[in-house]
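Sharing a structure here in structure tokens format.
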Amino acid sequence: MTPLDPQFQPWLDMAQRDYDVAMHLYGTFRPLPLETICYQCQQSAEKALKALYVLLRIPGGVPRTHDLTLLLDQMHRSVSIPPSVYDDADELSPYATAARYPSEAYFDEAGTNKALKAAGAILSWVRERAASIG
């Protein structure tokens with residue numbers, strides 16, 4: 001795949017690294033740093049969506065937001081977005097800030113598993129979309 005925009009791959013590479021960090025932490029650290037894993041999952045999804053944003057050449061440049069649903073809303077005219085991607089974005093968006101404020105969120109292993117699955121699904125979806133564009 002040859003992306004249409006040279007900024008695409010660096011964004012996607014960063015997204016993959018964030019996801020890899022989350023998976024590494026989940027597999028090796030005890031006690032599990034749940035807030036850090038969830039935060040890395042959100043960051044992975046955010047950077048993956050921003051990679052797609054770049055690839056779609058949406059006017060105005062990449063928004064400086066952590067709200068994944070907002071990013072999807074700004075892309076929906078350029079790409080078909082299945083409801084499951086919105087569901088995954090809704091699952092992950094709160095972790096952009098909740099992990100920074102211990103009193104704002106409750107983290108448990110079930111939620112962390114959901115975050116890992118959601119981030120992985122968004123990464124896969126972005127790769128599939130990119131393959132159909134590039």
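The values are calculated or read from the model by the stated rules, or taken from the named source; none is laboratory data. All of these numbers come straight from a predicted model, not from anything done at the bench. Please note: Cβ atoms are built from the backbone with ideal geometry, for glycine as well, and neighbour counts cover all protein chains shown.
Of the numbered conditions (1) polar (S, T, N, Q); (2) within 14 Å of the chain's Cα centre (by Cα); (3) at pLDDT 95 or above; (4) surrounded by fewer than 23 Cβ atoms within 10 Å (Cβ to Cβ), THR65 fails exactly one; give the number of that condition.
Of everything listed in (1) polar (S, T, N, Q); (2) within 14 Å of the chain's Cα centre (by Cα); (3) at pLDDT 95 or above; (4) surrounded by fewer than 23 Cβ atoms within 10 Å (Cβ to Cβ), THR65 misses just condition (3).
From (1) crowded, with 16+ Cβ neighbours inside 10 Å; (2) closer than 26 Å to LEU32 by Cβ; (3) small (Gly, Ala, Ser), pick out the condition that doesn't hold for ALA130.
Unmet for ALA130, out of (1) crowded, with 16+ Cβ neighbours inside 10 Å; (2) closer than 26 Å to LEU32 by Cβ; (3) small (Gly, Ala, Ser): (2).
Among MET14, MET1, which is the only one that is surrounded by fewer than 18 Cβ atoms within 10 Å (Cβ to Cβ) and modelled with pLDDT of 95 or more?
Unique residue meeting the criteria: MET14.
Within region 44-70, can you find the residues that are in a helix (DSSP H, G or I), touching a residue at least 24 places away in the same chain (Cβ under 8 Å) and not basic (Lys, Arg)?
Within region 44-70, SER44, ALA45, GLU46, ALA48, LEU49, ALA51, LEU52, VAL54, LEU55, LEU68, THR69 qualify.
If I filter region 32-43 for residues that are part of a loop (DSSP other than H, G, I, E, B) and in contact (Cβ under 8 Å) with a residue 60 or more places away in the chain, do I get at least one hit?
Yes: region 32-43 contains one or more residues that are part of a loop (DSSP other than H, G, I, E, B) and in contact (Cβ under 8 Å) with a residue 60 or more places away in the chain.
Of (1) among the hydrophobic types (A, V, I, L, M, F, W, C); (2) surrounded by fewer than 18 Cβ atoms within 10 Å (Cβ to Cβ); (3) modelled with pLDDT of 90 or more, LEU123 satisfies all except one. Which?
All conditions pass for LEU123, except number (2).
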